[in-house]
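Working notes, beginning with the structure itself.
Every read-out reported here was derived from the displayed coordinates using simple, explicitly stated rules and does not represent laboratory data. Source: prediction; values computed, not measured. Cβ atoms come from the backbone with ideal geometry, glycine included; neighbour counts cover every protein chain shown.
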Amino acid sequence: MPHRILIVTAVAAEADSVAGGLADLARPAGELPVPGGLLLRRYGTTGPADVSVDVLVGGVGPAAVAASTGAALARAALAGEPYHLVVSAGIAGGFPGRAPLGSLVVSDAVVAADLGADTPEGYLPVEELGFGRSVHAVPAALTGPVAAALAAAGLPHTTGGVLTVSTVTGTAVRAAELAARHPGAAAEAMEGFGVAEAAAAHGAAVLELRAVSNAVGPRDRAAWRIGEALTALRAATAALVPALGTLEARPCS
Ligand SMILES: O=C(O)c1cccc(C(=O)CC[C@H]2O[C@@H](n3cnc4c(=O)[nH]cnc43)[C@H](O)[C@@H]2O)c1
């Protein structure tokens, strides 16, 4: 049975970069609409392992992407071809000093940074409210080989937490607040936690891979480097899929 990987992006431009990175590894095997998204299917062989990689254009934000990822996972399960690993991939904001523009971030944790309650004494995550969870830890057995594959390909990268936010950070005050609350965070984006919740519900492992297009901080559209980030995402996909294809993926805690 092939190792089955689902890579979820928010928008088509990110999916094109991912698919470009797969071009030498896996050939197109059709497209399939799923509720809330579009699946680009790929199949091939990497080293000793068969690997099947589907790329889902899943929508922007945690709610949209959780819905489409859940639909893609359910479709695969019903077809008797469940995914072993789900990767949330795309561009992101990088925390200054942790993840420079054009570099890559491999998640060691996927964190819902605003899933909680604001109080006069400060923010409380849902765990402290007594329900739900706001963190999916990613095992070192997954982040390690991915980081090693990026290193072997000479791609600048860091391993760290990737925050999921519903509002893009646009001030120094908010950036400092998030960095203080999540000292392990390297990047913020808008989909990872939604993908992780859907993956966990289906017993699949999850990983987040982000290419940094902008700094987390005061809004500065002129400083965005989306083209460079998409190029880095393509190179990262080419480097990591052969490594993922041979891993025994386990669900995150
Ligand atoms: O208008 C703005 O100020 C602004 C700043 C950064 C990103 C956006 C987007 O609309 C892109 C959202 C899209 O890309 C991911 N992304 C990229 N950079 C960030 C970020 O700094 N914080 C959160 N998400 C980011 C995100 O995953 C979305 O898919 C607008």
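Would you mind checking the tilt of helix 172-181 against the longest principal axis of the Cα atoms of the chain, expressed as 0 to 90 degrees and rounded to 10? Long axis of 172-181 versus the principal axis of the chain: about 70 degrees.
For GluC sites (Glu not before Pro), the sites in the range 94-188 that DSSP calls loop and that have at most 13 other Cβ atoms within 10 Å are 121.
Would you kindly calculate the mean projected area, averaged across all directions, of the convex hull enclosing the Cα atoms of the range 3-244, in square nanometres?
Working: hull surface 50.1 nm².
Directional mean of the projected Cα hull area for the range 3-244 stands at 12.5 nm².
Were the residues from residue 13 through residue 41 laid out at 0.36 nm apart, the gain over their Cα-Cα distance would be 8.5 nm. How much length would be gained if the chain were fully extended between residue 121 and residue 29, taking 0.36 nm per residue of separation minus their Cα-Cα distance, in nm to one decimal? Length gained between residue 121 and residue 29: 27.8 nm. With the simple model of a label 7 Å out from the Cα in the direction of the Cβ, residue 129 to residue 78 spans 3.2 nm. Could you state the angle between the C-alpha long axis of helix 12-22 and the longest principal axis of the C-alpha atoms of the chain, as a value from 0 to 90 degrees rounded to the nearest 10? Helix 12-22 sits roughly 50 degrees off the main axis of the chain. Any idea what angle helix 62-78 forms with the longest principal axis of the chain, computed on alpha-carbon atoms, 0 to 90 degrees, nearest 10? The angle comes out at about 30 degrees.
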